[in-house]
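Take a look at the structure set out below.
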Amino acid sequence: MARPRKTVAPAEGSSESGILGLPDHLIDLIDPALPKTSQVYGIMRRAIVNLHLAPGSNVNEKLICDQLGISRTPLREAILQLQSENLVSVIPNSGTYVSKIDLQSVFDGQLVRGALELKVVRLAASRMTPQFERALDFNMHQQKRMAADLDYDGFYDLDEAFHTMICEFGASAHIWKIINGAKAQLDRVRRLSFPLPSHLEVVLNEHMAVVDGLKLRDPDAAEAAMKTHIDRVFTMIRRHIVERRDYFAADASDVLDRYVNGR
């Protein structure tokens, strides 16, 4: 039976000192036959986005190396990649820390996502195939199962797969790579919302509205449904800042006020 994965905070693997390793369900993902750095990067990014490595926490590099059975080299190379996305900070003579959520980067990521995904979903609607309809239906079925189990990590993975498959079908994997690279901070805000009452049900309904527009081969309907869906994050941000102030950078409230007031 799969390990329950619905905890958001405190992060799994945490100790009283706040020094974190990886949650158990990510430890067995290393394939020794594949390059280690890209795998470690993916595991670390997933742990950070899913808040198992909580914003502001000190990362125990030795523990993570021991957990994954790797040397320091692939971990440090992965940390450099995460640092380029502002997901970790390396402070000399202190350690590696998970970065607080930078709200300006959240808004920047949302701008990129909106500009590209709305165009992509229109393209997907105009070239729908029965095979892609079946792929969407299967993904939605899996999403519903994860939502029923309150498997937040599993639901997040399927949510990402949903958007990835639409992007790759409507445009290309390269476009999704651009979107994914821009939305690292945004993803953590999205993930914060998952445990809120009825949130997964709302997301499911929004995804289904996108699927309905695609199946109708109606670019306008698909775009409108996608816009409603990806804009929802803005309705949650202030609540998250109030409830999880320790997760956000110090200027979060000021950045939000400037955004709301158009300054």
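Taken together, the values in this text are just the output of simple stated rules run on the coordinates, not laboratory data. For clarity, every value in this text was computed on a predicted model and none was experimentally measured. Reconstructed Cβ throughout: ideal geometry from the backbone, glycine too, with neighbour counts over all protein chains shown.
Before moving on, here are some points about what is shown:
- Comparison of Met140, Met236, Met146, Met165 shows that the only residue that is in contact (Cβ under 8 Å) with a residue 12 or more places away in the chain and farther than 24 Å from Ile48 by Cβ is Met140.
- Where helices (runs of 4 or more DSSP H) fall wholly inside the range 153-251, the ranges with 3 or more residues that are of a type in the set (Asp, Glu) are 199-215, 219-231.
- Test: residue in the range 74-82 that is free of Cβ contacts under 8 Å to residues at least 40 places away in the same chain, small (Gly, Ala, Ser), farther than 26 Å from Arg232 by Cα and out of contact with any Cys (no Cβ under 9 Å at 6 or more places or on another chain): no
Rundown of residues vs (1) under 26 Å from Ala249 (Cβ atoms); (2) of a type outside the set (S, T, N, Q); (3) under 18 Å from the mean Cα position of the chain (by Cα); (4) in a loop (DSSP other than H, G, I, E, B), yes/no style:
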{"site": "Ala47", "(1), (2), (3), (4)": "yes, yes, yes, no"}
{"site": "Pro55", "(1), (2), (3), (4)": "yes, yes, yes, yes"}
{"site": "Ile70", "(1), (2), (3), (4)": "no, yes, no, yes"}
{"site": "Thr73", "(1), (2), (3), (4)": "no, no, no, no"}
{"site": "Ile79", "(1), (2), (3), (4)": "yes, yes, yes, no"}
{"site": "Asn86", "(1), (2), (3), (4)": "yes, no, yes, yes"}
{"site": "Thr96", "(1), (2), (3), (4)": "yes, no, no, no"}
{"site": "Val112", "(1), (2), (3), (4)": "yes, yes, yes, no"}
{"site": "Val120", "(1), (2), (3), (4)": "no, yes, no, no"}
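- Filter result for the condition that a residue is under 28 Å from Val88 (Cα atoms), among the acidic types (Asp, Glu) and in contact (Cβ under 8 Å) with a residue 24 or more places away in the chain, over Asp257, Asp218, Asp246: Asp246
- Residue among Leu63, Leu26 that alone is of a type in the set (A, V, I, L, M), within 22 Å of Arg190 (Cα to Cα) and part of a helix (DSSP H, G or I): Leu26
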